[in-house]
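What follows is a single structure, written as structure tokens, with notes after it.
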Amino acid sequence: MAAAKASTFSLTKTWHKDTYAAIDPRVRPELKLSGKTVVISGGGSGIGKGMTRAFAEAGASKIAILGRRDAVLQQTKSEIEDAVRGATTIQTNAVDIQDLPAVKRVADGIGPWDVLLANAGYLSEPMPLVDADPEEWWKSFEVNVKGVFNLAHSFLPSRREGSTLIVVSAGSIQIDAMAKNYSVYNSSKFAEVKLLEILGKEEEDLHVVTMHPGVGNTEMATKSSRGKTGGPPISFGTVDLPSHFAVWLCSPEARFLRGRFVWCNWDVEELLAKKTQIEGSLLLTANCIGWPYSA
């Protein structure tokens, strides 16, 4: 699939909807992760399944996938181990990331790791805040924010040197036309971005990035469309795009994006050309527009 001309939602002139050579571990040996252990929450379906396959294609030795549905995890394990002919071991872990003691037990069982992808998320039923069921509304924070806390709190003590933490957020946090009916989803996803920024200040040896995975034809995208009231038309991209982009984010090339929020649709070579601009500013960080202020 050819790249398209970027829209106003892009930091680069090129806008991708499918994978391409610069991020594809199948054609770039520099992106290989041989000997590495990868942990992916929500790794059994949708984008998480795509990421599991991508990191297997990148040569990761072990991938631990977390999710609530054991049958889904087992199916993904079987498919991907067969596809890579046993070169990668897939470990399944049926767990709810809202359950901190359970997540800690999983972390203890996995041991040292190199890449942690916090991909599991929850979209409360889209509707105006005043009409929302309080428990259903708050569940987005329980999964999207508390879930990231639980993963980081449980796994960070066992990270290896040079490890990477990637949190999957949502581009809708930046699009005013997509705010209506998404009060909790967008606010919880914005909180993820700030949480990662702060974590990067605390853990100076950890490469942290938050990413928008584009719009894939997933269960969550279907649910999201029911509350859509504006913004850009839904144009589905491939699962390979965010999956391979996540692999690229783990590479030394992407270290200049530490503590930033990026969209997988942006062209990485054009991003690299903006390296000095990004590193020397608050670009792609979560703050009140206008900071730093001048009288």
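Readers should treat all values here as calculations from the given coordinates under stated rules, not as data from a laboratory. These numbers were taken from a predicted model, which means no experiment stands behind them. Virtual Cβ from ideal backbone geometry, glycine too; neighbours counted across all protein chains shown.
Here are the numbers for this structure:
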| item | result |
| --- | --- |
| Identified option (computed semi-axes √(5λ) of the Cα gyration tensor in Å; candidates (i) 34, 30, 14; (ii) 27, 23, 20; (iii) 40, 23, 16) | (ii) |
| Sequence of 148, 143, 130, 247 once ranked by neighbouring C-beta atoms within 10 Å, starting from the fewest | 130, 143, 148, 247 |
| Cβ-based exposure ranking for 291, 138, 15, 248, in which fewest neighbours within 10 Å come first | 291, 138, 15, 248 |
| Nearest-0.05 FRET efficiency for residue 175 and residue 34, computed from C-beta distance (R0 41 Å) | 0.60 |
| Phi-based couplings in Hz for the range 14-19 (Karplus 6.51, -1.76, 1.60; Gly and Pro marked x) | 9, 10, 9, 10, 8, 5 |
| Amide H within-cut-off set for residue 42, under 5 Å, with H built and near neighbours excluded | 66, 67, 120 |
| Amide H contacts of residue 89 (H built 1.01 Å from N, under 5 Å, at least 5 apart or other chain) | 62, 63 |
| Sorted by Cβ neighbour density within 10 Å, fewest at the top, the residues 289, 47, 110 | 289, 110, 47 |
| Spatially near lysine pairs across the range 37-279, Cα under 15 Å, sequence gap of 8 or more or different chains | 10 |
| Amide proton proximity set for residue 163, modelled H, under 5 Å, gap of 5+ | 207 |
| Helical contribution to [θ] at 222 nm, DSSP H n ≥ 4, -39,500 (n - 2.57), averaged over the chain, rounded to 500 | -11000 deg cm²/dmol |
